[in-house]
1. Could you put Tyr56, Tyr35 in order, starting from the residue whose Cβ has the fewest other Cβ atoms within 10 Å?
2. Return the subset of Lys107/Lys136; Lys104/Lys135; Lys60/Lys104 for which the Cα-Cα distance in this structure is over 23 Å, preserving the input order.
3. Which of Glu65, Glu120, Glu97 comes first, and how do the rest follow, when ranked by fewest Cβ neighbours within 10 Å?
Amino acid sequence: MRLVDFVTNWSANILAIANVVIALGTVVLAIGIPYAIRTAARDERDTFYATLDRTYFEIKKLIIEHPHLAQPNPAGKTREQLIQYDAFAFIVWNFVEAIYDYSKQEKVLQVTWGCILRYEAGVHSAWFRRPENNKKFKPAFIHHIEDGDFLRETGHSAKQPADHQIDTAVTKRTKRE
């Protein structure tokens, strides 16, 4: 075998191996890139869901710290409590609007958070209906809430028997102190 034939055969073998490696790399990229995109999208969605959960938890923590926020009815509230409720209701409605905005992209949000959206919208519907508050939101969101029948009262604003028992116990305790 001559040196030229050896080098030519060797080059052809290396070229064939290189082509196989390039083909395998292309296949790996063809599979890997879509997989990486799906994984990144899933991770982003999971992070977003965790953020929604955390935000809603913080909203509910405000009620624990300030129980009067759970009652949208202004009767019996001090001026300070009315101001706090106004700010709280705005926070809740902004959260609801964020769910609405993101659910246009992530349809599963409508399913997952729809019950919370409906509940909070019902509880704070009187606040939302006030003309001075309505202008704080995008017209598309307002139409979605009004057309979707989200503003049905949940009955939360009326005192329930359990609420009355709690209020009575708190009043008795406060009088003793």
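1. Details: Tyr56 16, Tyr35 10.
The most exposed by this proxy come first: Tyr35, Tyr56.
2. Values: Lys107/Lys136 25 Å; Lys104/Lys135 21 Å; Lys60/Lys104 25 Å.
The pairs that break the limit, which is 23 Å between Cα atoms, are Lys107/Lys136; Lys60/Lys104.
3. On the way: Glu65 8, Glu120 23, Glu97 19.
Least to most surrounded, the residues fall as Glu65, Glu97, Glu120.
Bear in mind these aren't lab numbers, they're just calculated from the coordinates by the rules spelled out. These numbers come from a predicted model, not from an experiment. Cβ coordinates were reconstructed from backbone atoms using ideal geometry, including for glycine residues, and neighbour counts include every protein chain displayed.
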